[in-house]
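One structure is given below, encoded as structure tokens.
Just so it is clear, none of the values below were taken in a lab; they were calculated from the coordinates. Just so it is clear, the structure is predicted and the values come from calculations on it, not from any experiment. For neighbour counting, all protein chains shown are included, and Cβ atoms are generated from backbone atoms with ideal geometry for every residue, glycine included.
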Amino acid sequence: MKMEKLAKLIKNQPAGFSLQQGFYKDTDIYQRELERIFMQSWLYAGHVSQIPNIGDYFLYELADESVIIIRVDNDTIKALSNVCRHRGSRICMESRGQQKLLACPYHGWTYQLDGTLRGAGHVHPDFDKADYALKQVRLTVFHGMIFINFTGPAASFDPIRQDLDECLRPYGLERAKVARKQDYLIKANWKLAVENYCECYHCIPAHPEYSEGHGRSVPDETVSELLEQVTAKGEKAGLPEHCVDKSWLDAGGIGIDRGFDRYPLLKGFVTGSRDGKPVAPLLGDIKGYDGGATDIQIGPLTFYLAYCDHIVVYHFKPLTAAASVCDVTWLVNETAEEGKDYQVAELTWLWDVTTIADKRIIENNQKGVNSKFYQPGPYTMMEDFTRGFIDWYLDTMSKSSG
Ligand code: FES
Ligand SMILES: [Fe+2]
């Protein structure tokens, strides 16, 4: 029955139009999305600098799942299911911390940092501890960024690694640190949040602060001219030329699991800040400001705004069918000192104000979508990425209904 509902919605979905109401509200569809999209995609969990010492951990939580991302030794980070192998209690309750052992609060089973069972009292004589290690979630570290994948046996991280490795290198992200991390709760379906992120049609009305120095709505010739200047300067700044003007990677211009798009800032801005002036020391091996910025995508739900002096990471995830979280992280060079080399309030001003505005417009979007008068509307030429995301979504969901 559930599958029939999905198949019918997919069949009736007009191409090039926003989704029908059921996709944004129906809890059966949402359950299917968890299985087909969230359990199978590479998800950004955090940055290595959040767990510098052995035993440091933080939790990545999504729907019913909770994962302990923990540093086991200097070279090893693991993702362990936060579910006790005795009778299933959550083990770590705090969202972050440091532990010598992982101890379940229910009956006291203890686990080593790598998830192997260490102690369990009063068990039967034939009990073998080796059978009861915490379950592991796939994890990979890429330029200091921790990605996890719940199942996704077919999902290899290799294509992302191959295509983005060299282009990311100048940013030295493995030598970055978190300056601020903020969850923005959005009372709307997660797809409305991602759709909104993927287009800048709304930027002029919704984001005057962003539009001051960024603009996809200026004439194409102006953008090309500015991009040439950025490319010339980028060479000196240590950003390889073939990366400076590399566009979205997959055929069709849209890479749903990876993309790298360099573009010029406007009006002499050199970074994404209140007045366009630097807000932190240069990142990694970058030697100067070239007046450009980069949009990066890794996996279908994580987006990066990379400037020469800082990077902002956006990770979207659902809480329910009707609510989602936009998890935003600001990364700076690890040697930068807060209060001296950067001020958090200035560093985060632009994307904080922009995200708060996005939250408002996305929530208004959901309210309208909930109405009995809502019907799918046409994507414009400024919403190609959003359309690409929706095409990918429908394709992924339709595979599950076959
Ligand atoms: S559920 Fe963890 S020790 Fe019993
Ligand atoms: Fe926006």
### Message
Taking the conditions exactly as written (surrounded by fewer than 19 Cβ atoms within 10 Å (Cβ to Cβ) and not small (G, A, S)), does N82 satisfy them or not?
### Response
no
#### Entry: Per-region count, the range 93-112, residues more than 15 Å from Q136 (Cβ to Cβ) and more than 10 Å from ligand 1 (Cβ to nearest atom)
9
## Note on the structure
A careful count of residues in the range 131-173 that are assigned to a helix (DSSP H, G or I), within 19 Å of C308 (Cβ to Cβ) and touching a Ser or Thr at 6+ places or on another chain (Cβ under 9 Å) gives 2
### Query
Is at least one residue of the range 120-129 assigned to a strand (DSSP E or B), within 16 Å of ligand 1 (Cβ to nearest atom) and more than 22 Å from the chain's Cα centre (by Cα)?
no
### Message
Tell me whether the range 38-47 contains one or more residues that are surrounded by fewer than 19 Cβ atoms within 10 Å (Cβ to Cβ) and of a type in the set (A, V, I, L, M).
### Response
yes
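Every residue, every condition in (1) under 15 Å from I51 (Cα atoms); (2) touching a helix residue (DSSP H, G or I) at 6+ places or on another chain (Cβ under 7 Å), yes or no:
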position: R85; (1), (2): no, yes
position: S89; (1), (2): no, no
position: S95; (1), (2): yes, no
position: H124; (1), (2): no, no
position: R138; (1), (2): no, no
position: I148; (1), (2): no, no
### Task
Can you give me the number of residues within the range 71-92 that are more than 8 Å from ligand 1 (Cβ to nearest atom) and touching a residue at least 12 places away in the same chain (Cβ under 8 Å)?
14
#### Entry: Residue that is nearest to ligand 2 (Cβ to nearest atom) [pool: residues in the range 82-119 that are within 16 Å of D56 (Cα to Cα) and of a type in the set (S, T, Y)]
S95
### Query
In the range 196-238, what count of residues is obtained for those that are part of a helix (DSSP H, G or I), within 16 Å of ligand 2 (Cβ to nearest atom) and touching a Lys or Arg at 6+ places or on another chain (Cβ under 9 Å)?
5
### Query
Hey, does the range 126-134 have a residue that's in contact with a strand residue (DSSP E or B) (Cβ under 6 Å, 6 or more places away or on another chain), more than 16 Å from ligand 2 (Cβ to nearest atom) and of a type in the set (K, R)?
yes
